[in-house]
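Below is one structure, written out as C-alpha cells, with a few remarks after it.
What follows is calculated from the coordinates using simple rules that are stated; it is not laboratory data. Treat the numbers as computed from the prediction; the structure is a model and nothing was measured. Don't worry about glycine lacking a Cβ; one is built from the backbone with ideal geometry, like all the others, and counts go over all protein chains shown.
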Amino acid sequence: MTEALRFLLVSELLGLAALPLGRFVLGRLPGLGYAFAKPLGLLLAAYPVWLLAHSGLVPFGTPLALAGALGLAAAGRNPLDVRRGGNDVLDYVARTRPEDLGALERTILLYASAGRRARSGSRDLVAELVGKRRANGSFAGRVNTTAFAVLALRASGRRASEGTVRAAGRWIAGQANADGGFNFDGRGGPSG
C-alpha cells in the first residue's frame, strides 16, 4: 500500500470518528461541518496524547504511542521518520504486547501506516487478529471492534473479497438499526 493510500485510510478513519462531534459543533455550517471532520479527528487524536504525556498525568505507554503514531500518519508523516535516541515508535511497540483486541487492531494499523508487515518478533499480528474472529463473523461481538478489525485487515493487504473481511462486513451490515445508524455493541441499542 502506498504512503498516500495509508494516509487517506487513516485520515478517513479519524474523520469518520470525529464526524458526530463536527456535526454537533459545526452543524449550522454548509455541509454540516463535514469539511472540518478530518482536521478535528487529527486534533482529537494527537492533542490528548501530547497533553496527557506532557503533564505526567498518564505515563507514556503503548496506547499513547499508538495514538501519537497514527496521528503522525494521518498528518502525512511516516511514524518511522520520528526517531529519538536511535529509536522509533515501532521499536517501542515491538517491546510490548497488545493488551486487548483494540490495541492489536491499532498496532496493525500502525505497522501498515509505516509500510511494514504487522509482525512483532515471531508473532504474526494479522494472523492473531484473524484468529479472534467469531463464527458469526464479528470480532468480540461489537460493531466498533469489528469495524476496526476490517480496517486493520484491509490496511495490512487483505482484499475486500477475502472471507474474513466479507464475513465481518456481513455481520456489521446485519447490525444496522432501523434508523440506518449503528450502536457500539450492535443492533437494538441507540444509534450514535
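Looking at ALA149, is it touching a Leu at 6+ places or on another chain (Cβ under 8 Å) and assigned to a helix (DSSP H, G or I)? Show your work before the answer.
Details: touching a Leu at 6+ places or on another chain (Cβ under 8 Å): yes; assigned to a helix (DSSP H, G or I): yes.
Yes: the conditions hold for ALA149.
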Worksheet item: Right, ALA176: part of a helix (DSSP H, G or I) and farther than 21 Å from ASP100 by Cα or not?
Response: no
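Give the residue that is surrounded by the most Cβ atoms within 10 Å (Cβ to Cβ), with candidates limited to residues of region 78-104 that are outside any loop (DSSP other than H, G, I, E, B) and of a type in the set (A, V, I, L, M, F, W, C).
LEU104
State yes or no: is THR107 closer than 18 Å to THR62 by Cα and in a loop (DSSP other than H, G, I, E, B)?
No: the conditions fail for THR107.
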Item to complete: Check whether at least one residue in region 146-159 is over 24 Å from ALA67 (Cα atoms) and hydroxyl-bearing (Ser, Thr, Tyr), and report yes or no.
Response: no
Fill in: Matching option when the condition is among the charged types (D, E, K, R), surrounded by fewer than 20 Cβ atoms within 10 Å (Cβ to Cβ) and more than 15 Å from GLY186 (Cβ to Cβ), among ARG123, ARG142
ARG123
Worksheet item: Any chance region 105-118 includes a residue that's surrounded by 14 or more Cβ atoms within 10 Å (Cβ to Cβ) and more than 16 Å from VAL10 (Cβ to Cβ)?
Response: no
